[in-house]
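Undergrad: Shown below is the structure under consideration.
No value in this document is a laboratory result; all are computed from the given coordinates. For clarity, every value in this text was computed on a predicted model and none was experimentally measured. Cβ atoms come from the backbone with ideal geometry, glycine included; neighbour counts cover every protein chain shown.
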Amino acid sequence: MTSDVSERTALPSAPADEHLLTARLVAPRRPGLWISAAILLVLAAMLIHTLVTNRRFQWPTVRGYFFERSILHGLELTIWLTAAVLVTGYVIGTAVAAARLSKNPVLKSLGFGFVWLIRSVPMLVQLLFWYELASLYPKLSLGIPFGPEFASFKTAHLFGGILAAYVALSLDVAAFSAEIVRGGILSVPAGQVEAAQALGLGRGRIFRRIVLPQAMPAIVPASGNLLIGMLKATSIVSVIAVQDLLYSAQLIYNENFQIIPLLLVATLWYVVLTTVLSIGQYFVERHYARGTNRRGDGFARLFRRNLPLFNRAGLAAGGRS
Amino acid sequence: MSAGTPQAGDAGAIRPLVRVRGLKKSFGSHRVLDGVDLDVAEGSVTVLLGPSGSGKSTLLRCVNHLERPDAGFVEVAGEIVGYRYRDGRLHELPGREITRQRTQVGMVFQQFNLFPHLTVLENLIEAPVAVRGVPKPDAVAKAGELLARVGLDGRQSAYPRELSGGQQQRVAIARALAMEPRLLLFDEPTSALDPELVGEVLGVIRDLAVGGMSMIIVTHEIGFAREVADQAVFLDGGRIVESGAPADVLDRPGNERARAFLSAVL
Ligand SMILES: Nc1ncnc2c1ncn2[C@@H]1O[C@H](COP(=O)(O)OP(=O)(O)OP(=O)(O)O)[C@@H](O)[C@H]1O
Ligand SMILES: [Mg+2]
């Protein structure tokens, strides 16, 4: 071994120790990363170019309808329907997850059954079911099960289009979020709960303060998917004539036949909303990365590290830190 | 400091802090604890030894009701753990009551089990503030004292993953002490540590023993056991097969299994 090393240091090209000690450290450059990024940027630019220059997309018309009153009303409905559906869905979903994780066999089976049923039935069918509830159950009543009734309602007055959409979509979110939440909770090691129990923390406190924060890194990305998916899935309500963003656009193009520009108007709004949500998700994820080394590099640091590829002087400034 | 023994029941004697009687526990058809009797006197140190799978962890976990016994009972500070006796029956206590009992018993785990998303300080003040209603400034001051005691003052804002294993285990001990428990349980506190880190953790436990803390310690560190223990207990197949003064149990075990195990460990 030692003779090996001395042989190598004896090679004429080997630098002396004092040179090594005073040498400046250079971060690895990643030309592959920059070349692939450049190619992708060119492709993206080409795509944008065709979108902008193709006159058949009729951008002036798009601009004209972008802030149209009925479009903005539809947008508003889409936003609050999505928000209401998600809040309700996640509250029910968390409860269902808790039921599936409980030791009580009845709760466990009910939770399983709920998830199974909702996931099996196509969303469109669920939506139509609630919309048509009046024809299946003309009357709903409140009372002792199988016993006397205290009050009853005519379902015809109960389920308008928006309410039917709200119920159907909430149940759908509940079933899917239940599985997401359950998966997150299962990802927290059992030792964490035991340590908290041994300290005498109560059940609610253990869930909120110990389990949930550690489950969040697993819950958030999947929830981001579900949330954004649901934002667009709300457009299914156009089949029962609820005037959401997409349906408002459809109503306009049914009159003026400017189909593509109006679909673009709706699409661009969906893009805006998705962008806002994605940015929100980034910050939520960063918040829950506390105590891990997953806080991510970000553009600024990645760029600074690779700066020497373009500018050697830049390294001297940011060099050994 | 006098070691309690299962026979210590004569009138006039001080009631032991921990009394285990006829404790049985099975997982499925596998009997893990098969009638364990054990006394731990207030202020004494008991070391639990035994081969893997002999039920040491299970016994420890029964003491703060992380495990529900099938028969027999554990009493800590005069209260039956996890149950209330009424009309010839042991009724399991509601969660809130069990939680209250657990605040009297601290536990330190082999895998530390610090909360990774909380800083060292937050780990230490969580239970005192949430469970005992200690005002936050007081809890923070107390945490500082405890960290100084385990040689980690100044690391309050570190996250667990920024600490070495030995440091994490010392934080875990400080966290258990923050609840001012009457009894501390240690389940192989040094088994997950590199050899050079074992000493710092054992040093902290030794200081606690000198300070009169009541402890039950599962460990394979025989030298340490001989030094700090008032009582050594050898468990095999879910039964106590040997118990008494450490010198007798560790150096002159009568039981065949104990002799074989100890000569293998030493
Ligand atoms: N939750 C559980 N479910 C099923 N079996 C279990 C459970 N916990 C422990 N056991 C079994 O009970 C037996 C005793 O386990 P225990 O953890 O008490 O042993 P131990 O003496 O602490 O061993 P070690 O020195 O390896 O930690 C083992 O055979 C184990 O497989
Ligand atoms: Mg064990």
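Undergrad: On the Cα set of the protein assembly as shown, report Rg and Dmax in Å, please.
TA: Both quantities, over Cα of the protein assembly as shown: 33.1, 102 Å.
Undergrad: Oh, and also: When the distances between all Cα atoms of segment B:6-103 are binned every 10 Å from zero, what whole-number percent does each bin get?
TA: All Cα pairs, binned at 10 Å, distribute as 14, 46, 34, 6, 0 percent.
Undergrad: For residue B:35, what residues show an amide H to amide H distance below 5 Å, using hydrogens built from the backbone and excluding near sequence neighbours?
TA: Excluding prolines and chain starts, which carry no amide H, the hits are B:23, B:24, B:25.
Undergrad: Here is a follow-up. Eigenvalues of the Cα gyration tensor times 5, then square-rooted: what semi-axes does that give for segment A:74-292, in whole angstrom, largest first?
TA: Values: eigenvalues 246, 153, 29 Å².
So the three semi-axes of segment A:74-292 are 35, 28, 12 Å.
Undergrad: Within a 10 angstrom radius of each residue's Cβ in B:105-115, how many Cβ atoms of other chains show up on average? Whole number is fine. Numbers along the way, then the final one.
TA: Working: counts 3, 3, 5, 2, 4, 1, 3, 2, 10, 4, 9.
The per-residue average across the peptide is 4.
Undergrad: Please arrange A:163, B:197 by counting, for each residue, the other beta carbons lying within 10 Å of its beta carbon, fewest first. Walk me through the numbers on the way to the answer.
TA: Values: A:163 14, B:197 18.
Ordered from fewest to most neighbouring Cβ atoms within 10 Å, A:163, B:197 come out as A:163, B:197.
Undergrad: Per-residue counts of other Cβ atoms within 10 Å, averaged by peptide: what ranking do you get for B:88-98, B:210-220, highest first? Don't skip to the answer; put the middle values down first.
TA: On the way: B:88-98: 12.1, B:210-220: 18.9.
Put in order of decreasing packing, that is B:210-220, B:88-98.
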